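The values are calculated or read from the model by the stated rules, or taken from the named source; none is laboratory data. Fair warning: this is a prediction, and the values are worked out from it, not measured in the lab. Virtual Cβ from ideal backbone geometry, glycine too; neighbours counted across all protein chains shown. Accessible surface areas use protein heavy atoms only, side chains included; no ligands, DNA or RNA. Shrake-Rupley method; radii C 1.70, N 1.55, O 1.52, S 1.80 Å.
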Amino acid sequence: MTAAAVTAVSMAGAPTASAAGVPAPSPIGISGRGANVPFTEQEAEYAATNGTLIGPDRLYGHLPSEASGRQAVTLSGVGQYVEFTLTKPANAMSLRYSLP
């Protein structure tokens with residue numbers, strides 16, 4: 001497998017991106033579960049991307065089974081990206097990723 005980097009750069013001439021995630025409940029989005037937190041969650045599988053959507057999958061050892069919604073986006077080449085659109089002003093960002 002090839003490791004990929006996540007970048008927030010717009011690329012002229014890049015293929016049209018789309019959000020292709022299959023709706024799956026996030027553990028953070030279930031009412032009454034977990035702590036009340038002052039942040040907004042965004043998932044790569046629902047963002048604009050030209051990467052490959054993988055999952056949903058719950059099989060041990062498979063990458064999407066480790067993701068919060070059991071889905072993920074694989075960036076396997078130069079120029080692939082995930083583009084997040086903020087829904088309100090932000091002053092920080094946490095990013096989880098996996099390198100094979």
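Computed from the Cβ-Cβ distance with R0 of 35 Å, the FRET efficiency linking Ser76 to Phe39 stands at 0.75.
For Ser94, the shell of other residues with beta-carbons less than 14 Å away shows a net charge of -1, using +1 for Lys and Arg and -1 for Asp and Glu. Projected label points at Tyr97 and Ala48, each 7 Å from Cα along the beta carbon direction, are separated by 2.0 nanometres.
When all protein chains stay in place and ligands, DNA and RNA are ignored, the 1.4 Å accessible-area order of Glu45, Glu66, Glu83, largest first, is Glu66, Glu83, Glu45.
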